[in-house]
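Visitor: Encoded as structure tokens, here's the structure I'll be asking about.
Values quoted throughout were computed directly from the atomic coordinates according to the rules given, and no laboratory measurement underlies them. Bear in mind the structure is a predicted one, so any value in this text is a computation, not a measurement. All Cβ positions, glycine included, derive from the backbone under ideal geometry; neighbour counts span all protein chains shown.
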Amino acid sequence: MSKQLQQEITRRRTFGIISHPDAGKTTLTEKLLLFGGAINMAGAVKSRKVDRHATSDWMAIEQERGISVTTSVMKFTYRDYEVNLLDTPGHQDFSEDTYRVLTAVDSAVMVIDSAKGVESQTEKLMEVCRMRNTPIMTFINKLDREGRSPLDLMDEIEEKLQIECTPLSWPIGMGKTFKGVYNLYHKTLHLFKPGQTTRDIKKIVIEDLNDPQVDSLLGSQADDLREDIELLEGAANPFEYEHYLQASQTPVFFGSAINNFGVQEMLDCFVEMAPAPGPRRTVTREVLPAEESFSGFVFKIQANMDPAHRDRIAFFRICSGKFTRGMKVKHHRLGKDITLANATIFMAQERANIDEAWPGDIIGLHNHGTIKIGDTFTPKEMLKFTGIPNFAPEHFRRVLLKDPLKTKQLQKGLIQLAEEGAIQVFRPLIGSDYIIGAVGVLQFEVTMARLKNEYSVNAVYEPVDYQAARWVRSDTPKSMDEFERKNQASLAFDSEGFLTYLAQNEWMLNYFMEKWPDIIFDKTRENV
Ligand code: G4P
């Protein structure tokens, strides 16, 4: 193994931030990028914010392709570390996309609003992280406002998210009486000053909390801090690095992202403790990042990012070896050799062409529809990384074309949008209309707007009487034939040609599953 490869792996951190909308993900991202020197202007990230906006705003923003590109992945350097921050859409209607983004990270940071505690979307995203045992650090935000007590918040995290909390910093007061945080790990006191914009925040080293300096700095709150720390020493879970890596424990930090307070502290711990790129499973074997041979997979596709070029970018996570511009790899799904000539790396504000990249890095590959989610590239060995699924949609609409001459464009648009993973397209065995399925309804509106803007297709939706879909297969060809023959009206092919059963409701689905024991009904499907 080359020394440089090992060094580059060791200094890489690839992560995503998970939070319920409004907890402060955007603000925290912006501050992290400030520390990383990737942006030098507050407000730069704000413009990309889409989660909280109405659909119309969302689409308007989405249409400004440049914005969504630069923010899907943000790369920055902090100290000696190369950090890749992957954007995870916070809106629940985009949870499928978020899931796939989380397959490409090595760890996550969870942001919690100190007044609201654990919220619904936090719980869902946490479930996803748990499925992959993704290590998580927690940032409890908005301490400059009145919120819930830190112990109460940690209890809630432990109970609702089933993960042990271990505080690494501790807040002194909150809201109007917020004085700062005491770093339990380094035994330093950080005094709060609102509106911090500098990168150097003064730390005061406190060897002994009984030092009278603590009283002069904190006044009457000094004794509260002493009591809290004494209590924590007896009651809090001690920090166990292994438990963090196994995702059974989360180190907790307190701060105020908007005031840039507590952020650097967390970032310092993050780069030191968060895992570097690790092994990844494939159908045949585990791939280690330090293997010389290059490998990786596509976890996200974004089309038409530049309307002038109609290109598509596949976001590719490098899992092993070194990427060099112009290298030849095998596109295993197509069985073809391709040259990775034009790879892009995403800096916070711009994209740049790159000559080399390493495990943990995310590169953008331009293509015209030849690359799909789940595709794996390696120079020779046939590998297929696992765990990048499609989810059965829960909402359905029939697409009615207004201008019959645009059938081809409609087909092209729908297929491309399906390949991006935003929607799923079904072609019923009987009839000629397309049915589209989505995990969240917001995707329908976005799809229609994009069909119009990017493919010049005028179409409308019609409600359709389906509430569930399952991919169907069987080990017994005879049963499969019979199932297909008898249920034509409820069957469709998805855009990859997989047979799918569309059910009117859950009851029907269960009834079918009981009635056809030889048929396997899959809720998720991995691209092959
Ligand atoms: P999100 O990406 O998780 O959805 O949250 P975002 O960062 O946009 O923050 C949501 C709101 O919370 C914003 O206010 C933001 O300014 C505020 N906020 C973030 N961090 C802190 C903090 O540490 N303290 C306080 N008090 N507020 C914080 P907004 O009014 O909704 O938006 P804006 O007008 O400020 O942009």
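Visitor: Summing Lys, Arg as +1 and Asp, Glu as -1, what charge do residues with Cβ under 11 Å from the Cβ of Thr14 carry, Thr14 excluded?
Guide: That works out to +1.
Visitor: Follow-up. Based on the Cβ-Cβ distance from Lys176 to Leu334, what FRET efficiency comes out when R0 is 45 Å, to the nearest 0.05?
Guide: Plugging the Cβ-Cβ distance into 1/(1 + (r/R0)^6) gives 0.15.
Visitor: So what is the 222 nm mean residue ellipticity for the chain from helices alone, if each DSSP H run of at least 4 adds -39500 (n - 2.57) and you divide by all residues, rounding to the nearest 500 deg cm²/dmol?
Guide: -8500 deg cm²/dmol
Visitor: Over every pair of different alpha-carbon atoms in segment 392-526, take the mean of 1/r and invert it; report that Kirkwood radius in Å.
Guide: 15.3 Å
Visitor: Report the charge-dipole magnitude of the chain in Debye, nearest 20, computed about the Cα centre from +1 at each Lys and Arg Cβ and -1 at each Asp and Glu Cβ.
Guide: Approximately 2260 debye in magnitude.
Visitor: Sticking with this structure for a sec: Grab the Cα-Cα distance for Val441 and Lys202, subtract it from 0.36 nm times how many residues apart they are, and report the gain in nm with one decimal.
Guide: Residue separation times 0.36 nm, minus the Cα-Cα distance, leaves 81.3 nm.
Visitor: While we're looking at this one, here's another question. How long is the gain from Leu429 to Ala341 if the chain were fully straight, where each residue apart is worth 0.36 nm and the alpha carbon distance is subtracted?
Guide: 27.6 nm
Visitor: What ranking, highest mean first, results for peptides 282-290, 360-368 when packing means the other Cβ atoms within 10 Å averaged over each residue?
Guide: Order by mean packing, descending: 360-368, 282-290.
Visitor: Determine, for each peptide in 371-379, 207-215, 508-516, the mean count of other beta carbons within 10 angstrom over its residues, then list the peptides with the highest first.
Guide: Per-residue mean Cβ counts within 10 Å order the peptides as 371-379, 508-516, 207-215.
Visitor: Rounded to the nearest 5, what % of the DSSP beta bridges within the chain are antiparallel ones?
Guide: Around 75 percent of the beta bridges assigned by DSSP in the chain are antiparallel ones.
Visitor: Please list 3J(HN,Hα) in residue order for segment 463-468, calculated via the Karplus relation 6.51 cos²θ - 1.76 cosθ + 1.60 where θ = phi - 60°; whole Hz, with x for glycine and proline.
Guide: Residue by residue, segment 463-468 yields x, 9, 7, 10, 10, 8 Hz.
Visitor: Here's another thing I want to ask about it. Take each of the peptides 437-445, 333-341, average the number of other beta-carbon atoms within 10 Å over its residues, and list them starting from the highest.
Guide: Descending mean neighbour count gives 437-445, 333-341.
Visitor: Do any of Lys3/Lys75; Lys384/Lys486; Lys31/Lys124; Lys160/Lys372 go past 31 Å between their Cα atoms, and which?
Guide: Lys384/Lys486; Lys160/Lys372
Visitor: Efficiency by 1/(1 + (r/R0)^6): what FRET value for Glu482 and Leu245, r their Cβ-Cβ distance, R0 = 45 Å, to the nearest 0.05?
Guide: After rounding, the FRET efficiency stands at 0.35.
Visitor: Can you say what percent of the DSSP beta bridges in segment 158-265, counting only those with both residues inside, are antiparallel? Round to 5.
Guide: Among the beta bridges of segment 158-265, antiparallel pairing accounts for roughly 75 percent.
Visitor: Let me ask something additional. Tell me, how many Å apart are the Cα centres for segment 122-179 and for segment 415-455?
Guide: 38 Å
Visitor: Please compute the length gained on full extension between Asn210 and Arg473, using 0.36 nm multiplied by the number of residues separating them and subtracting their Cα-Cα distance.
Guide: My answer for the length gained is 87.8 nm.
Visitor: List the relative contact order of the chain as a percent without decimals, with contacts defined as Cα pairs under 8 Å and 6+ residues apart.
Guide: It comes to 14 percent, rounded to a whole number.
Visitor: In the chain, what is the volume of the convex hull around the alpha carbon atoms, normalised per residue and reported in Å³?
Guide: 159 Å³
Visitor: Using +1 at the Cβ of each Lys and Arg and -1 at the Cβ of each Asp and Glu in the chain, identify which of Ala274, Ser320, Tyr99 lies farthest towards the dipole's positive end.
Guide: Checking the options against the dipole of the chain, the answer is Ser320.
Visitor: Another question, then. Of Tyr511, Phe426, Val439, whose Cα points farthest to the positive end of the dipole of segment 392-526 (charges on the beta-carbon: +1 Lys, Arg; -1 Asp, Glu; origin at the Cα centre)?
Guide: Result: Phe426, furthest along the dipole toward the positive end.
Visitor: In addition: Note down the net charge around Gly234, summing +1 for each Lys or Arg and -1 for each Asp or Glu among other residues with Cβ under 15 Å from its Cβ.
Guide: -3
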